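First the structure, in the form of structure tokens, and then the observations on it.
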Amino acid sequence: MTTITIDSRQRVELIDITEKVRAAIRDRGIADGLAVVYTPHTTAAITINENADPDVAIDLVMALNKLVPFDDHYHHAEGNSAAHVKSTLVGASETLIVENNIPVLGTWQGIYFCEFDGPRRRQVHVKVIGT
Amino acid sequence: MTTITIDSRQRVELIDITEKVRAAIRDRGIADGLAVVYTPHTTAAITINENADPDVAIDLVMALNKLVPFDDHYHHAEGNSAAHVKSTLVGASETLIVENNIPVLGTWQGIYFCEFDGPRRRQVHVKVIGT
Amino acid sequence: MTTITIDSRQRVELIDITEKVRAAIRDRGIADGLAVVYTPHTTAAITINENADPDVAIDLVMALNKLVPFDDHYHHAEGNSAAHVKSTLVGASETLIVENNIPVLGTWQGIYFCEFDGPRRRQVHVKVIGT
């Protein structure tokens, strides 16, 4: 397992980690299998989406903030319930297909770490299995 | 594959299954690999989120119920369309990294079975692969 | 890896690919393991839900369209931001447990390709690992 460290800078933000994930898979030396990209935080998530036009990530943040209001009569005293809800909606991990030692991504697909309660120092684990 | 049986008690409820999943992985005896936690129901889901403060699960239920109203001019005659929608938003499974025969979870992460159309008797499958 | 080609016919649509996925797994000849069903597109997704009553898929489309409006002051100039948001909410892949060379699905579970920006020609990859 390889662990990537990320420093987020905003409260809600999508950070492109495609190249870091690709490097972690390449360094592992497994040609054929699966890779799981997993964040161990409960106010963050991993998603796959377009990384050609940065406006897509901006629209994703806007839409998620609108779907899950920051303040909404939540019970959790820490005040970050919206971040927990977003984490469950987007999900803590993505699973990638690995062939020829690289992840099989579509032309427009990038891998994003989703910060929902930043700024913070965060971790992402990459685990590759196969042969 | 190990199958865990769960008896939900409410219509919408998050049930912490972390220890049961951990036991299923430990009993399987695979030190290094992946574990998939999968529910075979279409009105339920699996999620990973904080299990230290029980208010987080309460807020998740509240937010999901607000996002997907129980009654909303649905077509499906069984009357549980909201549960099907929630199942697709949260997802039928979670994939965990396994090292040293235990799932790699963050400090605050627990694994939840999400009941969206209870109360019912439910199942969760845990499959571990690796070496 | 097996690639399935799909021709969607509507702007937003759920297409049942259960039999195609089952065939891809069977043809691969791996009795015991995992299968990842993955779409390489950023305006599509994969989900698991009921495929007995076709009204469930209709309600899922209706609910997703309501949650994420087609027009909502998005920045992305292509005009399909709603599709990108839905893709992140539903997710690019599903992971299935494979035993006896078939996916372990619940009685009512089917596998759907979710078109969010059609009609288009689309792809779904199926990767099986195990023994």
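The values are calculated or read from the model by the stated rules, or taken from the named source; none is laboratory data. Just so we're clear, the structure is a prediction, and the values are computed from it rather than from any experiment. Please note: Cβ atoms are built from the backbone with ideal geometry, for glycine as well, and neighbour counts cover all protein chains shown. These area figures cover heavy atoms from the full protein model, side chains too; ligands, DNA and RNA do not enter into them. Shrake-Rupley method; radii C 1.70, N 1.55, O 1.52, S 1.80 Å.
Order the peptides A:24-35, B:112-123 from the highest to the lowest mean number of other Cβ atoms within 10 Å of their residues.
Descending mean neighbour count gives B:112-123, A:24-35.
Over the stretch B:2-130, with every protein chain in place, what whole percent of the accessible area is carbon and sulfur at 1.4 Å, could you tell me?
Solvent-exposed carbon and sulfur of the stretch B:2-130 make up 47 percent of the total.
Cβ neighbours within 10 Å, averaged per peptide: list B:38-44, B:66-72 in order, most packed at the top.
B:38-44, B:66-72
Give, rounded to the nearest 20 debye, the magnitude of the charge dipole that the stretch B:2-130 has about its Cα centre when Lys and Arg contribute +1 at Cβ and Asp and Glu contribute -1 at Cβ.
420 debye
Work out, step by step, the length gained on full extension between C:ILE102 and C:HIS75: first 0.36 nm times the residue separation, then minus their alpha carbon distance; give nm to one decimal.
Result: 5.4 nm gained on full extension.
What does the structure give for A:36-46 when I average, per residue, the other chain Cβ atoms found within 10 Å of the residue Cβ?
Mean number of neighbouring Cβ atoms from other chains: 5.
Tell me, what is the percent relative contact order of chain A, built from C-alpha pairs under 8 Å that lie six or more residues apart?
54 percent
Cα atoms only: what Rg and Dmax, in Å, come out for the stretch B:13-72?
In Å, with Rg to one decimal and Dmax whole: 14.7, 47.
Under the definition of partner shielding as Cβ atoms of other protein chains within 10 Å of a residue Cβ, what is the mean value for peptide A:57-70?
5
For A:96-106, what's the mean count of beta carbons from other chains sitting within 10 Å of each residue's beta carbon?
4
Just to confirm the numbers: B:PRO54, label point 7 angstrom along the Cα-Cβ line, distances to the other copies in nm, shortest first?
The projected label point of B:PRO54 is separated from its counterparts by 4.6, 4.6 nm.
If all Cα-Cα distances of the stretch C:50-127 are sorted into 5 Å bins from 0 onward, what percent lands in each bin, rounded to whole numbers?
Taking all Cα pairs of the stretch C:50-127, the binned fractions are 3, 12, 19, 22, 20, 12, 8, 4, 2, 0 percent.
Step through the residues of the stretch B:60-72 one at a time and calculate ³J(HN,Hα) from phi using the Karplus curve (6.51 cos²θ - 1.76 cosθ + 1.60, θ = phi - 60°), rounding each to whole Hz and writing x for Gly and Pro.
4, 4, 4, 5, 5, 5, 6, 5, 10, x, 4, 10, 7
Of the cross-linked pairs B:LYS20/B:LYS127; A:LYS20/B:LYS20; A:LYS20/A:LYS127; A:LYS66/C:LYS86, which ones have a Cα-Cα span greater than 22 Å in the structure shown?
Distance filter (> 22 Å) returns A:LYS20/B:LYS20.
From the phi of every residue in the stretch C:89-96, what ³J(HN,Hα) in whole Hz does the Karplus formula 6.51 cos²θ - 1.76 cosθ + 1.60 yield, where θ is phi - 60° and glycine or proline is x?
5, 8, x, 6, 8, 10, 10, 10
Just to confirm, what accessible area per residue do you get for the stretch C:2-130 at 1.4 Å probe, in whole Å²?
Averaged over the residues of the stretch C:2-130, the accessible area is 37 Å².
Give the peptides C:76-87, B:12-23 in descending order of average Cβ contacts within 10 Å, highest first.
Taking the mean over residues of other Cβ atoms within 10 Å, the ranking is C:76-87, B:12-23.
Could you work out the per residue convex hull volume over the alpha carbons of the protein assembly as shown, in cubic angstrom?
So the per-residue Cα hull volume is 125 Å³.
What is the interface area between chains B and C, defined as buried accessible area summed over both chains with a 1.4 Å probe, reported in Å² to the nearest 100?
Its buried surface, counting both partners, is about 2500 Å².
Taking θ = phi - 60°, what integer Hz values does the Karplus form 6.51 cos²θ - 1.76 cosθ + 1.60 yield along the stretch B:17-22, in sequence order, with x for Gly and Pro?
Couplings: 10, 4, 5, 5, 5, 4 Hz.
Where does chain C land on the Kirkwood hydrodynamic radius, alpha-carbon pairs, in angstrom?
Roughly 15.2 Å, rounded to one decimal.
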